[in-house]
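A short worksheet on the structure shown next.
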Amino acid sequence: MKYDLSKKPTRGAERTLTAFFETMLSLLSQKSFDNISVNEICKVSNFPRATFYNYFDDKYDLVDYCWHVLAAEIEVDQIQSAPSDNELLIYFDRLYDIFEKRQDLLKDIFKNNDFSGTLITSFINYLKAIMQKIFYESLAYTKPDVPTELMADHCSETVLLILEWIFLKQKPTTKAQAHKYLNALLN
């Protein structure tokens, strides 16, 4: 991404980024990612192409930014101060809550985008990379016979598997039942 997300955005940059974010999510809920063009994004968001290209390389870059914004809702910085033996469950709950909160949007997006297509694969891979990093850095894992990196991969895959099953494959499940699934699959 061309825009430096590590620095605090100006009000103008914040408005611009928000407009592109909201436009992309709106368009994704109406049509397939493959059928969305930069021209359309700019027209709907009411910004010229030059402004778009000041912030993003292409529509793939914008969709990665959308995943970044959605992932920020997990509030990782607040979780890292929690007791380490509960971190996996806390991360799972935050993700579950985000998926549940945005369930209607997700249904619309998945109605228009193939589950094995570019967009959904990008979304899952983005979440997986974040969770692998989080679990690797913060989980209190003490079994010496399995490398920490492998355990972090296993935990992130398991969390995503459950969330995918509940929300993307639309198998309604309570959070309490999802906790039982998580516990059964990880123990």
Among (1) free of Cβ contacts under 8 Å to residues at least 24 places away in the same chain; (2) open to solvent by 50 Å² or more (accessible area, probe 1.4 Å), the one test that VAL38 misses: (2)
Given the conditions (1) at pLDDT below 85; (2) within 30 Å of ASN112 (Cα to Cα), and given that LYS171 satisfies all but one, which numbered condition is not satisfied? (1)
Check PRO172 against each of (1) outside any helix (DSSP H, G or I); (2) surrounded by 14 or more Cβ atoms within 10 Å (Cβ to Cβ) and name the one condition it does not meet. (2)
If the requirement is being buried (at least 18 other Cβ atoms within 10 Å of the Cβ) and out of contact with any Ser or Thr (no Cβ under 7 Å at 6 or more places or on another chain), which of these qualifies: PHE115, PHE167, PHE135? PHE167
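The values are calculated or read from the model by the stated rules, or taken from the named source; none is laboratory data. What you see is a predicted model; the values in this text were computed from it and never measured. Please note: Cβ atoms are built from the backbone with ideal geometry, for glycine as well, and neighbour counts cover all protein chains shown. In case anyone asks, the SASA skips ligands and DNA or RNA and just uses the protein heavy atoms, side chains included. Shrake-Rupley method; radii C 1.70, N 1.55, O 1.52, S 1.80 Å.
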